[in-house]
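Encoded as structure tokens, the structure appears first; notes follow it.
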Amino acid sequence: MRSISDIKHYRTMLQNARTLEEAVVMEQMRATAKNLSALYAMLCVASLSLGMSFLNHAPLYLTLGLPCLFIVGSILRINHWRDSQAEFTDPLRAQRDFAVIEIGSLIIFAVMGGWIALLWPYAIGRQEAQLALFTGLIGPVGMMCSMPRPRIVAAGLSGTLLIFCMIFVRHDPFYYGYMALPMAVSYAAFLKVSLTYKQRIAESVMLHNELVSENERASGLAESNRFLALSDTLTGLPNRRRFFEQINLFFERSPDGELPIVGLVDLDGFKPLNDVFGHSAGDAMLVETANRMKAAAARYGGSVARLGGDEFAYVLPWNTSREEAMKFSLELVASISHPVVLPSGDISRVSASVGMSSRGFDVASAKDLLEQADFALFRAKEATSGPVVEFSSHHAASKRREVLVHQAFKNADLDKEIHLVFQPIIDTRDGAIRRCEALARWDSPEIGMVPPGEFVPIAEKAGMTQEMTLAVFRKVIAQLKVWPETARIAVNLSAQDVNSRQCTDLLASMLIRQPPSLRQRISIEVTESSLLTDFTEVHNNLLKFRELGVKIALDDFGTGFSSLRYLQELEFDIVKIDRSFISSIEHNQKSFGLVRTISRLCRSLSIACVAEGVETREELDHVRTAGCHLVQGYIFTKPLMAEKMLPYLTGELKFDGMGVMLSVPTKDVA
């Protein structure tokens with residue numbers, strides 16, 4: 001087997017060839033040169049042996065002189081070929097060397113023939129046979145070393161046969177003539193083998209060239225596949241996998257104690273743009289955003305990537321100061337917010353939120369920086385102070401708390417640890433409780449009471465809302481069975497739940513086992529934001545509940561995009577006006593006008609309208625004046641446990657101020 005250096009030498013040699021013939025010549029030269037040393041050694045031993053057998057019969061210049069001279073010449077040639085391996089990568093040099101070998105072969109055979117002719121007169125008895133054997137064998141044996149080159153083999157064998165005929169056959173045609181005949185046939189067969197050997201060399205060279213071409217093509221395809229595997233096909237930016245490699249590289253190359261800065265960018269308003277103008281418009285927005293981010297990052301020596309959807313990321317090197325990183329992030333937000341001309345000719349824009357990692361905390365890996373940026377981005381989308389949020393000590397404490405709550409929630413027995421409280425929805429015209437909204441509370445044996453504003457977002461972020469929702473529904477069904485038949489309960493479904501076919505199927509299978517009279521006492525509340533991910537999927541999932549007689553409510557109406565399409569296609573039974581409109585209804589005429597308009601719209605569509613978060617008598621009066629009579633809020637009561645809510649459901653107790661409210665009629669301007 002060839003060594004690695006031989007293979008490299010072989011490839012270099014063939015790469016230098018301009019034609020197939022040149023490649024074959026160089027391979028012939030390389031193969032022949034490897035055997036020349038053995039050829040010269042064999043000739044030296046054979047000539048010295050022949051000379052010694054004539055030592056007492058012929059002059060010294062014939063017995064020792066010529067063999068010694070031949071040995072010296074052979075040693076010089078052996079050293080020459082041993083030092084000439086690198087020259088075989090030059091096709092012109094290989095051709096010249098072959099010419100030298102061919103001429104040298106003719107000279108050697110001429111000298112050998114002359115030497116044998118000079119020794120012939122001194123041959124007596126067995127020495128004649130020795131000379132004949134030497135002549136007949138030395139040629140083909142010597143030509144074995146030149147097998148790759150048929151022309152040299154043909155010249156050598158022809159010369160050997162010619163010398164044999166001139167010296168021996170002429171002396172005794174009958175005896176040596178019969179020897180010459182099989183020699184000629186053998187030499188012809190030997191020449192045929194040499195020709196076949198050359199053909200095999202040519203085929204080997206051709207095959208190698210094809211393999212090299214295939215290998216280069218495969219390497220090109222592999223590189224292309226790697227590029228595609230690590231690139232986002234739409235924007236051309238590195239994808240999530242490649243970005244993880246990049247931040248690891250930035251992290252590893254940073255000096256000890258220094259850290260790169262990782263940022264995550266999320267586009268705000270991209271989903272409605274995609275819905276309104278179509279996917280081609282969304283793609284154009286993503287491509288333009290990628291180009292702007294790439295141009296901005298180039299000025300700071302950073303790298304950007306698209307992680308998926310409308311989420312992008314960047315990493316800045318360790319020598320970027322905190323001030324420069326903040327400046328870069330703000331420039332990025334400003335650049336992204338510039339208008340974009342869509343393929344349709346329309347002009348639109350999106351905004352962006354950015355979460356940045358911090359150098360103020362020890363980290364063990366680049367993954368920690370990414371988690372910091374992810375946590376900061378989550379806060380940036382909630383914050384009102386600005387679009388760029390850097391991970392801080394407050395975030396670190398929140399993150400530790402989040403990990404603690406996440407772990408406890410993951411290990412929780414929700415059927416035992418979750419309990420429900422209920423807040424009534426009251427008809428202010430007669431004081432009747434139309435339904436109660438079930439609100440989940442979690443009392444963990446590990447970390448104590450956890451408010452829903454803390455554990456619900458963590459459950460949503462971790463994708464663990466389904467088990468919680470199933471536990472809540474089981475408790476709601478059990479509660480309806482012990483409450484009066486007039487009691488109704490509303491249950492919230494998270495965006496994850498309402499977008500999940502698996503979750504809605506499980507809930508539907510749970511409800512279908514209940515009597516229709518019980519199912520009709522349940523309503524499901526979904527938020528506008530939950531409709532934005534996959535409207536068709538949400539529509540199909542909600543139809544499962546409607547077919548079972550369950551009411552559907554649209555919660556927090558007015559905080560999202562308030563599309564009338566939702567009201568038309570999903571056929572909501574209830575619309576709940578968000579607390580943000582109610583809290584400003586006393587002082588903001590626009591808020592009052594919006595509440596009145598929504599109330600009129602719901603009345604025209606035969607949809608119940610509920611005002612959420614009413615806390616003061618003034619808010620209540622304005623809500624009633626705007627035409628909204630179904631009210632939910634602390635003005636009546638905070639959420640109550642089931643046993644405390646029961647007397648109000650049976651009519652044994654009335655909420656404080658209910659009598660006064662009913663005794664004072666409110667002018668309805670709706």
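With region 171-280 as the region, which helices (runs of 4 or more DSSP H) entirely inside it contain at least 3 residues that are touching a Pro at 6+ places or on another chain (Cβ under 8 Å) and either modelled with pLDDT of 85 or more or not assigned by TED's automatic domain parsing to the domain that holds Leu157 (or both)? Explain how you work it out, then say what you get.
Working: elements: 173-229, 240-253, 270-277.
Helices (runs of 4 or more DSSP H) meeting the threshold: 240-253.
Being charged (D, E, K, R) and within 24 Å of Leu507 (Cα to Cα) is the filter here, so list the residues in region 444-467 that pass it. Reasoning before the result, please.
At the first step, the residues of region 444-467 found to be charged (D, E, K, R) are 446, 454, 460-461, 467.
Those that are charged (D, E, K, R) and within 24 Å of Leu507 (Cα to Cα): Glu460, Lys461, Glu467.
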Enumeration of residues in region 351-377 that are surrounded by fewer than 14 Cβ atoms within 10 Å (Cβ to Cβ) and over 20 Å from Met326 (Cβ atoms): Asp362, Ala364, Ser365
Scope region 570-590; condition in contact with a Gly (Cβ under 9 Å, 6 or more places away or on another chain) and of a type in the set (A, V, I, L, M, F, W, C); matching residues: Ile577, Phe581, Ile582
Odd one out for Arg501 among (1) buried (at least 20 other Cβ atoms within 10 Å of the Cβ); (2) under 24 Å from Asp275 (Cβ atoms); (3) charged (D, E, K, R): (1)
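State yes or no: is Thr637 assigned by TED's automatic domain parsing to the domain that holds Asp443 and touching a residue at least 40 places away in the same chain (Cβ under 8 Å)?
yes
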Among the residues listed as Leu50, Leu76, Leu55, the single one being of a type in the set (A, V, I, L, M), modelled with pLDDT of 70 or more and crowded, with 19+ Cβ neighbours inside 10 Å: Leu50
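This table checks each residue for (1) within 21 Å of Asp268 (Cα to Cα); (2) of a type in the set (Gly, Ala, Ser); (3) touching a Cys at 6+ places or on another chain (Cβ under 6 Å).
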position: Ala490; (1), (2), (3): no, yes, no
position: Asp497; (1), (2), (3): no, no, yes
position: Thr504; (1), (2), (3): no, no, no
position: Ser509; (1), (2), (3): no, yes, no
position: Gln514; (1), (2), (3): no, no, no
position: Asp534; (1), (2), (3): yes, no, no
position: Leu542; (1), (2), (3): no, no, no
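Can you pull out every residue in region 301-322 that is more than 16 Å from Leu234 (Cα to Cα), assigned to a strand (DSSP E or B) and not β-branched (Val, Ile, Thr)? First the steps, then the outcome.
Of all residues in region 301-322, those more than 16 Å from Leu234 (Cα to Cα) come to 301-303, 314-322.
Still in the list and also assigned to a strand (DSSP E or B): 303, 314-316.
Within region 301-322, Ser303, Tyr314, Leu316 qualify.
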Some residue of region 525-548 being among the hydroxyl-bearing types (Ser, Thr, Tyr) and surrounded by 16 or more Cβ atoms within 10 Å (Cβ to Cβ): yes
Index of the failed condition, Leu620 passing every other in (1) in a loop (DSSP other than H, G, I, E, B); (2) in contact with a Ser or Thr (Cβ under 8 Å, 6 or more places away or on another chain); (3) closer than 28 Å to Glu571 by Cα: (1)
Lone unmet requirement of (1) at positive phi; (2) in contact with a Phe, Trp or Tyr (Cβ under 8 Å, 6 or more places away or on another chain) for Ala508: (1)
Residues of region 81-101 satisfying the condition of being of a type outside the set (A, V, I, L, M, F, W, C) and at pLDDT 70 or above: Arg93, Gln95, Arg96, Asp97
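Kindly provide the set of residues from region 447-461 that are without any contact (Cβ under 8 Å) to a residue 12 or more places away in the chain and over 15 Å from Ser398 (Cα atoms), ordered by number.
Filtering region 447-461 for residues without any contact (Cβ under 8 Å) to a residue 12 or more places away in the chain gives 448-449, 451, 453, 457.
Gly448, Met449, listed by residue number.
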Residue satisfying condition, being in contact with a Gly (Cβ under 6 Å, 6 or more places away or on another chain) and either among the aromatic types (Phe, Trp, Tyr) or over 25 Å from Thr504 (Cβ atoms) (or both), within set Gly593, Gly633, Gly627, Gly558: Gly633
Check on Ser303, within 19 Å of Glu245 (Cα to Cα), touching a strand residue (DSSP E or B) at 6+ places or on another chain (Cβ under 6 Å) and surrounded by 21 or more Cβ atoms within 10 Å (Cβ to Cβ): yes
Members of region 42-72 that are touching a residue at least 24 places away in the same chain (Cβ under 8 Å) and farther than 14 Å from Val111 by Cβ: Met42, Ser53, Phe54, His57, Ala58
Meets criteria (more than 27 Å from the chain's Cα centre (by Cα) and either aromatic (Phe, Trp, Tyr) or within 23 Å of Leu264 (Cβ to Cβ) (or both)) for Gly360: yes
Scope region 571-600; condition out of contact with any helix residue (DSSP H, G or I) (no Cβ under 6 Å at 6 or more places or on another chain), surrounded by fewer than 16 Cβ atoms within 10 Å (Cβ to Cβ) and at pLDDT below 90; matching residues: Glu571, Ser580, His587, Asn588, Gln589, Lys590
Single residue of region 512-524 satisfying the filter (aliphatic (A, V, I, L, M) and surrounded by fewer than 21 Cβ atoms within 10 Å (Cβ to Cβ)) that is nearest to the chain's Cα centre (by Cα): Ile512
Selection within region 328-350 - loosely packed, with under 14 Cβ neighbours inside 10 Å and in contact with a helix residue (DSSP H, G or I) (Cβ under 9 Å, 6 or more places away or on another chain): His338, Val341, Pro343, Ser344, Asp346, Arg349
Residue check for Ala155: in a helix (DSSP H, G or I), at pLDDT 75 or above, on the phi < 0 side of the Ramachandran plot and small (Gly, Ala, Ser): no
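Going through Ala471, Ala478, Ala440, Ala408 one at a time, which residue ends up being surrounded by fewer than 16 Cβ atoms within 10 Å (Cβ to Cβ) and either under 35 Å from the mean Cα position of the chain (by Cα) or assigned by TED's automatic domain parsing to the domain that holds Pro647 (or both)? Step through it out loud before you land on a result.
Details: Ala471 fails: surrounded by fewer than 16 Cβ atoms within 10 Å (Cβ to Cβ); Ala440 fails: surrounded by fewer than 16 Cβ atoms within 10 Å (Cβ to Cβ); Ala408 fails: surrounded by fewer than 16 Cβ atoms within 10 Å (Cβ to Cβ).
Matching residue, one of Ala471, Ala478, Ala440, Ala408: Ala478.
Looking at region 411-427, which of its residues are part of a helix (DSSP H, G or I) and of a type in the set (A, V, I, L, M, F, W, C)? Walk me through it before giving the result.
At the first step, the residues of region 411-427 found to be part of a helix (DSSP H, G or I) are 414-417.
The one that is part of a helix (DSSP H, G or I) and of a type in the set (A, V, I, L, M, F, W, C): Leu414.
Quick one: which helices (runs of 4 or more DSSP H) sit completely within region 490-545 and have at least 3 residues that are free of Cβ contacts under 8 Å to residues at least 60 places away in the same chain and touching a helix residue (DSSP H, G or I) at 6+ places or on another chain (Cβ under 9 Å)? Working first, answer last.
Numbers: elements: 495-498, 501-512, 516-519.
In region 490-545, the matching helices (runs of 4 or more DSSP H) lie at 495-498, 501-512.
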Condition met for Leu64 (in the same structural domain as Ile116 (by TED's automatic domain parsing) and at pLDDT below 80): no
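The values are calculated or read from the model by the stated rules, or taken from the named source; none is laboratory data. On a predicted model such as this, the values are computed, not experimentally measured, just so you know. Every residue, glycine as well, gets a Cβ built from its backbone with ideal geometry; the counts of neighbours run over all protein chains shown.
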